[in-house]
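Following: one structure in structure tokens, then a few remarks.
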Amino acid sequence: MVMYWVYVLRSQSTGRFYCGQTSDLEKRVAQHNDPNHTFTRTTKVFDGPWLLVWEMECADRTAAIRLERKIKKRGIERFLSDTMASGGC
């Protein structure tokens with residue numbers, strides 16, 4: 001059974017946040033920081049390097065997509081602030 005991850009990256013140079021979902025977290029973070037990888041348009045437009053600041057494992061892709069949308073709707077920075085204040089999700 002494939003597990004999916006929802007993750008938040010933060011640019012070391014700009015402080016900007018990025019939220020996404022993937023089945024291979026380590027590989028995906030590396031792709032965001034690889035200047036030759038073409039499927040990471042948003043993190044190529046804004047300067048990095050990008051650091052993983054938060055992640056959560058989900059049972060399937062549908063759950064990961066729902067959580068990603070929830071985070072983006074709330075606002076990534078606000079979501080992180082709420083999550084840290086409550087001690088978890």
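Bear in mind that the values in this text are calculations on the coordinates, not laboratory data. Only a predicted model underlies this, so the values are computations on that prediction, with no experimental measurement involved. Quick reminder, even Gly has a Cβ in these numbers, built from the backbone with ideal geometry, and neighbours come from all protein chains shown.
A few points about this structure:
- Residues of the stretch 23-39 that turn out to be crowded, with 17+ Cβ neighbours inside 10 Å and either of a type in the set (A, V, I, L, M) or under 20 Å from Glu77 (Cα atoms) (or both), as a count: 3
- Evaluation of Pro49 against the conditions (1) surrounded by 14 or more Cβ atoms within 10 Å (Cβ to Cβ); (2) of a type outside the set (Asp, Glu); (3) in contact with a strand residue (DSSP E or B) (Cβ under 9 Å, 6 or more places away or on another chain) shows that the sole unmet condition is (1).
- Selection count, the stretch 75-88, where residues are surrounded by 12 or more Cβ atoms within 10 Å (Cβ to Cβ) and either among the hydrophobic types (A, V, I, L, M, F, W, C) or under 14 Å from the mean Cα position of the chain (by Cα) (or both): 5
- Where a residue in the stretch 57-77 is in contact (Cβ under 8 Å) with a residue 60 or more places away in the chain and in a helix (DSSP H, G or I) and its partner, wherever it lies, is surrounded by fewer than 13 Cβ atoms within 10 Å (Cβ to Cβ) and not polar (S, T, N, Q), with Cβ under 9 Å and at least six apart: Ala64/Glu57; Leu67/Cys89
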